Amino acid sequence: MHPHAELTGYLAAALTTLSFLPQVWKTLRTRDTRAISLGMYLMFSAGVALWLVYGVLIGAWPVILANGATLVLTSTVLWHKLRERPAASLAESIQPGDLGPRRDRALPTGVDDD
């Protein structure tokens with residue numbers, strides 16, 4: 001193995017893991033996860049969990065540490081995303097006047113409203 005291989009692994013692990021800190025900090029501070037993709041975070045967290053298992057199976061500490069820490073960070077954001085109040089349903093967003101014909105628009109010439 002190259003003498004700098006493990007150091008490179010630890011450096012890559014630290015950078016990729018630390019890249020999640022701004023998002024976690026913002027989520028904890030604002031509790032706003034509306035702009036975060038639930039599908040992306042579900043798939044990413046599952047992938048990170050599998051990388052963690054892989055690291056354990058092969059005994060690679062850079063992989064284990066990085067993915068363990070990343071899983072904690074992404075799970076924090078994912079937990080907040082899953083607790084987010086769902087958007088109002090379509091039925092709740094319809095106002096009483098929304099269902100009838102619109103009288104405030106001019107009809108094309110030659111078209112009767114009745």
- Message: Among the residues in the range 29-50, are any crowded, with 16+ Cβ neighbours inside 10 Å, closer than 15 Å to A69 by Cβ, of a type in the set (S, T, Y) and in contact with a Leu (Cβ under 7 Å, 6 or more places away or on another chain)?
- Response: yes
- Message: Name the single residue that is surrounded by the most Cβ atoms within 10 Å (Cβ to Cβ) among those in the range 4-25 being assigned to a helix (DSSP H, G or I) and small (G, A, S).
- Response: A13
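Quick note: the coordinates plus some simple rules give every number you see, no bench work behind them. Everything numeric in this text was worked out from a predicted model, so none of it was measured. Virtual Cβ from ideal backbone geometry, glycine too; neighbours counted across all protein chains shown.
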